[in-house]
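This report concerns only the one structure given below.
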Amino acid sequence: MGIHHNPDFIHHQKNSLSVSIIREIVFGMEDGLVSTMGAVTGIAAASQNHFIVILSGVVIIAVESISMGVGSYLSTKSENEIDERKLFEERHELHHHPAEEREELVEMYVEDGWPKKLSEEMAEVASKNKKLFLQEMAYRELKVFPDKMEQPLHNGIAMSIAYIIGGCMALLPYLVIPNIQTAITYSVIITLFSLFTLGVLTTQYSKRSWWKAGLEMLLLASVAALFGYVAGQIARYYLG
């Protein structure tokens, strides 16, 4: 009857894992680049000391990558638990009040644009299959996908690794360039270029203009560098 051929549902089922991983990678790398570059820029401007900058950068990357990974794991796990609770309650409703739930499904089909007669037929077919009935009610009423593939551990690992990569890219110039001011310049350039590239790459999974996505991420993230540098200069002026 076409009940379970909703394009959005099929797309979600096939791509929920990849979409969630991409989300964590983009978030982790963006935060790793911005946080590390913003912090080390401020520290470098204030201290003018390579050892302090590198030590601080390593500590920031180590602590924040673990923190971000754990945060991603716990948030995904909590979201899954909330959805599982909703599904548990929905199963209870379907078991004890099938007729009422079937009528509710008919109404949702009609609201989606299906003809009333066809909606009744679709709901009747769905109500005779426990798995399909739950699937339709969960998707249309709760906006929950019973068989979604998103994994907390995978998300946490992806977040941590992406943060480390982004942070190391921002810190790299301080490891190879002896002049602190030159290192600051290259760190900012590498970070901004990486952010623009990251924004462009996200358009592979969307219909946005590549230059708009890249420019948006670059401009928004640049604020962190500006604040970091200004804070470092202020600290240097008053504490130096």
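Coordinate-derived values only; no laboratory data. Bear in mind the structure is a predicted one, so any value in this text is a computation, not a measurement. Here Cβ is always computed from backbone atoms with ideal geometry, including for glycine, and neighbour counts include all displayed protein chains.
Table for the structure above
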item: Residue under evaluation residue 178, criteria (1) part of a helix (DSSP H, G or I); (2) more than 17 Å from residue 30 (Cα to Cα); (3) in contact (Cβ under 8 Å) with a residue 40 or more places away in the chain, criterion not met; result: (1)
item: Any chance residue 71 is more than 16 Å from residue 132 (Cα to Cα), surrounded by fewer than 19 Cβ atoms within 10 Å (Cβ to Cβ) and among the small types (Gly, Ala, Ser); result: yes
item: Residue among 229, 163, 174 that alone is under 16 Å from the mean Cα position of the chain (by Cα) and aromatic (Phe, Trp, Tyr); result: 163
item: Boolean, residue 43 is surrounded by fewer than 22 Cβ atoms within 10 Å (Cβ to Cβ), touching a helix residue (DSSP H, G or I) at 6+ places or on another chain (Cβ under 8 Å) and farther than 13 Å from residue 188 by Cα; result: no
item: Residue match in segment 81-91 (condition: of a type outside the set (Gly, Ala, Ser) and on the phi > 0 side of the Ramachandran plot); result: no
item: Among (1) over 20 Å from residue 21 (Cβ atoms); (2) surrounded by fewer than 20 Cβ atoms within 10 Å (Cβ to Cβ); (3) out of contact with any Leu (no Cβ under 9 Å at 6 or more places or on another chain), the one test that residue 190 misses; result: (3)
item: Residue check for residue 201: of a type in the set (A, V, I, L, M, F, W, C), closer than 30 Å to residue 91 by Cβ, surrounded by fewer than 20 Cβ atoms within 10 Å (Cβ to Cβ) and within 24 Å of the chain's Cα centre (by Cα); result: no
item: Test: residue in segment 44-57 that is β-branched (Val, Ile, Thr), farther than 24 Å from residue 173 by Cβ and in contact (Cβ under 8 Å) with a residue 12 or more places away in the chain; result: no
item: Qualifying residue in segment 61-81 (condition: in contact (Cβ under 8 Å) with a residue 24 or more places away in the chain and under 30 Å from residue 237 (Cα atoms)); result: yes
item: Subset tally (residues that are without any contact (Cβ under 8 Å) to a residue 12 or more places away in the chain and more than 30 Å from residue 23 (Cβ to Cβ)) for segment 119-158; result: 2
